Amino acid sequence: MSFSRFSVLAVFLMMVMSAFVALPTYNVGADEHEGGDDGPYLNAFPTGSGGDIADYEMIEDNEEGANITVEATELVNNTSYTIIWDIWDATYTYGAEGFWDFSTPPTNVQYLIGPDILTGSDFNPGCYVFTGKLFDNDAGVEIENETWPFTIGVPFSDCEGPDEGDCPFDDVEGSPCEDIATNPCREDHESDACDDYVNDYCDTHADDPGCYYDIDDCPFDGREGTPCEAEECEGGAHDSEECRVYVESYCYLNEDDPGCLFGDSPTFVCGNGDVIPFDGVNNGYEDCSDGSDEQQYDSDG
């Protein structure tokens, strides 16, 4: 089977990171939002950061180590919330994830992801991406999310691919870097057309440094029943609901597979007491037998 989407994401994440020209700017304890809307807000930043790019180049051996502050502010009283976070290296080979469940009051909370995680055995000096999401559990909605790159022990310049960071592939005829009208990656490197274009190119240019993953690579190991062999995840179907369900079931029984996510996933308690994965909430399917994981409407809408 082909997990080609994984290869494109990994390859072009390097491009995005190396071409990153404006990191988020934060004043510690404050968050700016477009339109002046009221909170709740999610805010995450390198601990002590004033928004300088240098703050996102974390030094692993300084006194404080590498730290990330995650906070939620202007929360609504008597409400249940969850913050989910994950951190992955640029090739999605290794990383960590976690979550915090909490209720209000207080209406402002703050958590730290510290050197016990960021300088642990899984985090070698290199390039990483942080993602955080804030959920209102009572309403079953995602309130806000943010994603930004950072490094540990290396400068951002080390995250650049070939061609001075403009594109991770060699600048040759037929390359996804080639500036021609027939190259779909020039306009949208996240499109299916670019996905196919990269796969076709890497089929015949396996020695190109940009072809970091072979298109037949799969993040799961080779044991029986792995999603790498499942019909539900064959080819482009790995983005489907059927593949997602298969992967979740597989990882529930094979937690030690390196392709499965790190740590325990957050859960949602249904109205009848059943527990389901949190990402099943408000996804258009009634995963709870009583339907409590989906928004309900009366005759007035």
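We did not get these values from a lab; they are worked out from the coordinates using the rules stated. From a predicted model like this one, the values you see are computed outputs, not experimental measurements. So basically every Cβ, Gly included, is an ideal-geometry build from the backbone, and we count neighbours across all protein chains shown.
Annotations
- Fewest-first sequence of W85, W100 by Cβ atoms within 10 Å of each Cβ: W100, W85
- Sequence of F135, F130 once ranked by neighbouring C-beta atoms within 10 Å, starting from the fewest: F130, F135
- Proxy reagent accessibility, fewest Cβ within 10 Å first, across T79, T204: T204, T79
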